[in-house]
1. Output needed: Cys residues of the chain lacking any neighbouring Cys C-beta below 4.7 Å, sorted by number.
2. Quick one: what does P(r) look like for the chain with 10 Å bins over all Cα pairs, in whole %?
3. Would any residue of segment 21-50 have its amide N under 20 Å from a label point 7 Å out along Cα→Cβ of Arg73? List them or say none.
4. Which whole-number value in Å² is the accessible area per residue of the chain, probe 1.4 Å?
5. Near Gln39, within a Cβ-to-Cβ distance under 11 Å, what is the net charge of the other residues, with Lys and Arg +1 and Asp and Glu -1?
6. Take the Cβ-Cβ distance between Gln39 and Ala14 as r, set R0 to 22 Å, and report the resulting FRET efficiency rounded to the nearest 0.05.
7. Of all the accessible heavy-atom surface of the chain, with the other protein chains kept in place and a 1.4 Å probe, what percent is carbon and sulfur?
8. With each pseudo-label sitting 7 Å past Cα toward Cβ, what's the Glu54-Glu81 distance in nm, one decimal?
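The values are calculated or read from the model by the stated rules, or taken from the named source; none is laboratory data. The model shown is predicted, which means the values in this text are computed figures rather than measured ones. For neighbour counting, all protein chains shown are included, and Cβ atoms are generated from backbone atoms with ideal geometry for every residue, glycine included. Please note that ligands, DNA and RNA were not included when accessible areas were found on the heavy atoms of the full protein model with its side chains. Shrake-Rupley method; radii C 1.70, N 1.55, O 1.52, S 1.80 Å.
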Amino acid sequence: MSLFDFFGGGASQAAEAAPAVNSPERLALYQKEWCPYCQRVKAVVAELGLELAEYDTNDSEHLQALMAGGGQRMVPCLRIEQDNGDYFWLYESADIAAYLRMHFGKDS
Ligand SMILES: N[C@@H](CCC(=O)N[C@@H](CS)C(=O)NCC(=O)O)C(=O)O
């Protein structure tokens, strides 16, 4: 993932491998207020006009859910609800940005 991909909206292997959803209601962003990587993702969310559920991992309940589901405490992480109800956890701000653009961008 290059800087061009991040800012220019190129795809990423991780984003392409993540399950597609047809509604942002199936997404939730685990994040922290002060995290610059989270801010980058939130900028893309705003740019695309999306309204996502956001969970701050300074709240221990949300941190535990992230670690139990995704396996790492790192944020940002996008929780994607699949058709069968299982969750897929997508880490890395650049991959999350690519995923959002891929499925909710103007060319999607
Ligand atoms: N390469 C990652 C870096 C994310 C990152 O370093 N996040 C920090 C917060 S700014 C983090 O979660 N660190 C581990 C922790 O706080 O427990 C990305 O672009 O998403």
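1. Cysteines lacking a close Cβ partner in the chain: Cys77.
2. 16, 52, 30, 3
3. 29-39
4. Details: 6070 Å² over 108 residues.
Solvent-accessible surface per residue comes out at 56 Å².
5. On the way: positive: Lys32, Arg40, Lys42; negative: Glu33.
For residues surrounding Gln39, the net value is +2.
6. Numbers: r = 20 Å, r/R0 = 0.91.
For Gln39 and Ala14, the calculated efficiency is 0.65.
7. Details: 2890 of 6070 Å².
About 48 percent, which is the carbon plus sulfur part of the accessible surface.
8. In this crude spin-label approximation the distance works out to 2.0 nm.
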